[in-house]
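A short write-up of the structure that comes next.
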Amino acid sequence: MSPQRPSYAVYWRENRRRWYLFFALWIGFVPFAFVVSRLRDDDTLPNWAFWSWGILWLWSGTRLGPKKCPRCGRPFLRRGWYSNGFALKCMHCGLPRGAETDPDWSPPK
Ligand SMILES: [Zn+2]
């Protein structure tokens, strides 16, 4: 059996899913606040609703961005003390962000 080109599609799909959750929670606060305040007699948003939604949203924000590179396993956005949250390539091996396969891969001879 010949070696297969490595696939990182599952890793990047999970990464996109986390972004979708973050934006859904961000955008969803307004309808959430509207519905919760309508359920109350005084039409206000209770503190527990505000804080629980906010903590959920902050938690989703901490999970954003590639943490470890799927190819080299080292931090994708950080090299030593230097960190770049907008890096388009792995700071160690240069794997492009979102690459579903390894562009530098070649079958062993
Ligand atoms: Zn890497």
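What follows draws every value from the coordinates through simple rules; no lab data is involved. This one's a predicted model, so the numbers in the text were calculated from it and none came from an experiment. Methodologically, a virtual Cβ is constructed for each residue, glycine included, from the backbone with ideal geometry; neighbour enumeration extends over all protein chains shown.
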For the chain, find the longest principal axis of its Cα atoms and tell me its angle to the long axis of helix 9-38, 0 to 90°, nearest 10. 10
Once you keep just the Cα pairs under 8 angstrom separated by 6 or more residues, what percentage relative contact order results for the chain? 35
Under 20 Å Cα to Cα from K89, which lysines show up? Leave out anything in the same chain fewer than 8 places away. K67, K68
Would you mind telling me which residue in G65, G28, G98 has the biggest mean-square fluctuation in a Gaussian network model of the chain, where springs connect alpha carbons within a distance under 10 angstrom? G28
Dividing the alpha-carbon radius of gyration of the chain by 2.2 N^0.38 Å, where N counts its residues, gives 1.54
What residues have an amide H closer than 5 Å to that of K68, excluding those fewer than 5 places away on the same chain, when H is modeled at 1.01 Å from N in the peptide plane? F76
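Express the relative contact order of region 9-65 as a whole percentage, based on alpha carbon pairs under 8 Å and six or more residues apart in sequence. Present the calculation step by step, with values, prior to reporting the outcome.
Numbers: 26 pairs, mean separation 27.7, N = 57.
Here the relative contact order equals 49 percent.
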So how long is each side of region 9-65 along the principal axes, counting just the alpha-carbon atoms, biggest first, in Å? 49, 16, 11
Can you check what the net charge comes to around G98, using other residues whose Cβ is under 11 Å from the Cβ of G98 (Lys, Arg +1; Asp, Glu -1)? +3
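Once you have the Cα-Cα distance between S52 and R79, take 0.36 nm times their residue separation minus that, and quote the gain in nm to one decimal. Don't skip to the answer; put the middle values down first.
Details: separation 27, 0.36 × 27 = 9.72 nm, distance 3.42 nm.
Roughly 6.3 nm would be gained on extension.
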Kindly provide the helix-only [θ] at 222 nm of the chain, computed as the sum of -39,500 (n - 2.57) over DSSP H runs of four or more divided by all residues, to the nearest 500 deg cm²/dmol? -15000 deg cm²/dmol
